[in-house]
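Heads up: the structure comes next, in structure tokens.
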Amino acid sequence: MVEMKVEVKYYAWYREDFGPSEIIDIGEDSTVRQLVEKLKDRHPILDEEQFMIVVNGRIDELNARLNEGDRIAIFPPAGGG
Amino acid sequence: MIRVEEEDFSLDEVVSSLRRMEAGAIVVFLGIVKGFREGEEIKEMLVEAHKDVAEEELRKLRDEALRKFDVMNATIIHRVGRLKPSDNIVVVAASARNRGDAFKACSWLIDELKVRVPIWKKEFTPAGSRWVREGDRFE
């Protein structure tokens, strides 16, 4: 299976727990959902929280296809105000 | 007016941005940094955001509020960076013909902001630091 790489950047306490960013290998034509499952395997806390995933600056559908070099941001649950 | 920025804001400017001949009320919610939480001193607060996504989400919230309530306009400004107790964190303001609609819109906007907009707060106390997380139920 052809693999591709995407960069995943973490914010707030995720950055402190997981590091600022990771390069993740995923299969070609992977979806956002498949990446999410991979991230949950690496960081089980993601299975317990309502985090937000942003692809290239946009909040994407879980069924959206990812492309080589996509920039992913993972946000913990909001806590402003 | 929708902004996420380090600089402090002017409440006069916020109110001026909403003043209209047709309006009969402007309601302003101002959130400031607490100096204590459950008896523990808070020395400083770090506010972090993903600026582009946060501003986009705030614009969506403002637009939703304009559809949902009988309000004319709304302004939301959220600060980021290092803040001290009593510093301004956020202002949410809405203008309407009647005060009831402006109060409702303001209340809804700050509640939604807290759960939908990618902004996070970290408090520094004499004992260390902690992120303010959903579910802490401090507020």
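All of the numbers you see were taken from the coordinates with simple rules; none came from a lab. These numbers were taken from a predicted model, which means no experiment stands behind them. Neighbour counts run over all protein chains shown; Cβ positions are idealised from the backbone, glycine included.
Using helices alone, I'd like the mean residue ellipticity at 222 nm for chain A: each DSSP H run of four-plus residues gives -39500 (n - 2.57), total over residue count, nearest 500.
Mean residue ellipticity at 222 nm (helix-derived): -6500 deg cm²/dmol.
Quote the convex hull volume per residue of chain B, based on C-alpha atoms, as a whole number of Å³.
Each residue corresponds to 103 Å³ of Cα convex hull volume.
Find the relative contact order for region B:17-139 and round it to a whole percent, using C-alpha pairs within less than 8 Å whose residues are 6+ positions apart.
Averaging sequence separation for qualifying contacts and normalising by length gives 37 percent for region B:17-139.
Share of Cα-Cα pairs in the protein assembly as shown beyond 28 Å, in percent?
38
Starting from the Cα gyration tensor of chain A, multiply each eigenvalue by 5, take the square root, and state the resulting semi-axes largest first in whole Å.
Semi-axes from the Cα gyration tensor: 21, 13, 12 Å.
Count the net charge of all other residues whose Cβ sits under 11 Å from the Cβ of residue B:85, scoring Lys and Arg as +1 and Asp and Glu as -1.
Residues near residue B:85 contribute 0 overall.
Can you give the net charge of the other residues whose Cβ lies under 12 Å from the Cβ of residue B:54, counting K and R as +1 and D and E as -1?
0
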